[in-house]
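As structure tokens, the structure follows; a few thoughts come after it.
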Amino acid sequence: MDLEQHRIVELLPDREAQTLVDWLEEHPGVEIFSRDRSKTYKSAMSEGAPNAIQVADRFHLLDNLQEVLENVFHSHCPVLKSVDETLLKQRFPEPLAPKSVSKTKSAREEQKAQSRARRLEQYEQIHALKKQGFLIIDIAHQLNINRHTVSKYLAAPVFPERQTRTQLAETVIDPYKAYLYQEWMAGRHNAQQLFEEIQQQGFKGCYGTVVYYLRKLHPFSPRNPSKPKARPPREPSNRVSEKGSKDKITEPKPLTPRNASWLVMRHLDQLTEEEEDTLVLLSGQPELSDAITLTQSFLFLVRKRLPQHLDNWLELAKNSSFKPFQTFAKGLSDDYEAVKAGLTLEVSNGPVEGFNNKLKMIKRQMYGRAGLDLLNKRLVLAS
């Protein structure tokens with residue numbers, strides 16, 4: 001696709017490197033490439049147009065980062081359980097009414113046990129095949145499962161259990177909330193100073209945890225006495241009234257590695273109050289705080305286009321205790337020039353992704369009735 005004119009140039013028949021190399025040799029003159037992190041495209045572009053600049057797409061960089069953080073969370077499921085139970089306790093202070101024992105409860109428990117046994121057997125088979133030298137795609141084909149499932153199980157040092165709410169834990173900032181509230185109401189609003197003071201008192205969390213908590217105190221700030229004091233936020237109700245029925249108790253969705261990682265990746269100004277509470281708890285966990293700090297710092301340098309900080313981040317990630325971040329940093333180092341160009345140039349894969357959606361729609365319309373030649377003409381002529 002021509003990213004300057006937003007026009008499709010050619011629809012190649014496959015994703016093989018040699019196909020792209022042949023096309024580039026027939027169409028010389030390309031100066032800048034935008035691509036995802038595919039090694040196939042990287043090698044093909046390097047061979048077909050060695051003098052062109054390659055740009056790693058920023059969306060795919062952040063998408064890879066989310067997968068890395070999700071893998072870290074998968075290896076710390078007990079910590080997520082603790083955070084989940086703490087949130088449940090805060091949002092539902094009254095004890096939930098005991099539920100009547102259903103006749104099907106034992107059947108459900110037996111079904112869960114059988115499901116766990118199948119997943120455990122699958123986990124052991126995947127690791128056994130990997131030790132024999134099989135590739136991920138071969139393991140997925142042999143066991144008839146998705147290759148992402150294979151990658152997830154291989155990245156997990158122990159069998160990843162499903163999320164359950166069985167543990168309670170106290171957030172790291174709880175013992176210092178009273179002091180922070182007292183100082184804030186006294187007119188001291190410098191977050192850095194307050195952070196350093198509670199650090200001297202034994203606080204082990206990160207600076208972001210303190211900032212998130214202080215943001216909640218802004219509506220109650222006494223700096224503008226003429227302004228009416230804002231009402232404190234209402235406690236979330238644990239009951240939902242339904243017409244013609246008794247109040248129904250509802251519980252929030254459990255905190256999973258996937259939705260926890262996406263929560264960390266989102267813009268801070270887009271978070272709801274409950275999501276901010278969750279992020280504060282996650283950031284305050286000693287096992288996860290470094291991973292979240294690495295994630296947020298990489299988000300910052302990508303979104304603000306700060307290529308001068310890339311080397312420092314790579315060094316921190318390589319020296320971290322998280323294997324997924326070490327592997328991610330190594331991959332970025334191997335693709336260093338393209339990653340740095342992605343943080344410098346305005347080029348991106350956005351238009352390509354949009355036409356990909358259009359391509360899929362047209363393919364479904366033509367399925368079983370036409371071939372690649374007609375599909376190519378419909379796309380190229382329409383653009």
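The values are calculated or read from the model by the stated rules, or taken from the named source; none is laboratory data. The model shown is predicted, which means the values in this text are computed figures rather than measured ones. Heads up, the Cβs are rebuilt from the backbone with ideal geometry, glycines too, and the neighbour counts pull from every protein chain shown. Each accessible area value is taken on the protein alone, full model and side chains, heavy atoms only, with ligands, DNA and RNA left out. Shrake-Rupley method; radii C 1.70, N 1.55, O 1.52, S 1.80 Å.
Phi angles of the stretch 259-272 translate, via the Karplus equation with coefficients 6.51, -1.76, 1.60 and θ = phi - 60°, into HN-Hα couplings of 6, 5, 5, 5, 4, 5, 6, 6, 5, 5, 6, 9, 7, 7 Hz per residue; Gly and Pro are given as x. Taking a Cβ cut-off of under 15 Å around LYS152, the surrounding Lys, Arg, Asp and Glu residues balance to a net charge of +2, with basic ones at +1 and acidic ones at -1.
Residues whose amide H falls under 5 Å from that of ILE32, counting only those 5 or more places apart or on a different chain, are ILE53, with hydrogens built in the peptide plane. With a cut-off of 10 Å between beta carbons, the residues surrounding SER348 carry a summed charge of -2, where Lys and Arg count +1 and Asp and Glu -1.
Measuring only protein heavy atoms, the 1.4 Å probe finds THR344 accessible over about 80 Å².
For the stretch 79-87, 3J(HN,Hα) computed residue by residue from phi via the Karplus equation (6.51, -1.76, 1.60; θ = phi - 60°) reads 5, 4, 4, 5, 4, 4, 6, 5, 4 Hz, glycine and proline entered as x.
Ranking LYS323, LYS177 by solvent-accessible area of protein heavy atoms (1.4 Å probe, all protein chains present), from largest to smallest, gives LYS323, LYS177.
Ranking LEU3, ALA49, LEU65 by how far each Cα lies toward the positive end of the dipole of the stretch 1-157 (charges on Cβ) leaves LEU65 at the top.
I want the local charge near ALA329. Using Cβ-Cβ distances under 15 Å, sum +1 for each Lys or Arg and -1 for each Asp or Glu among the other residues.
On the way: positive: ARG37, LYS318, LYS323, LYS330, LYS340; negative: GLU67, ASP290, ASP311, GLU315, ASP334, ASP335.
Result for the local shell: -1.
Once you reduce the stretch 105-150 and the stretch 28-91 to the center of their Cα atoms, the two points are 25 Å from each other. For the stretch 309-314, putting each phi into the Karplus relation 6.51 cos²θ - 1.76 cosθ + 1.60 with θ = phi - 60° gives couplings of 9, 5, 4, 5, 5, 4 Hz, in residue order, rounded to whole numbers and with x for Gly and Pro.
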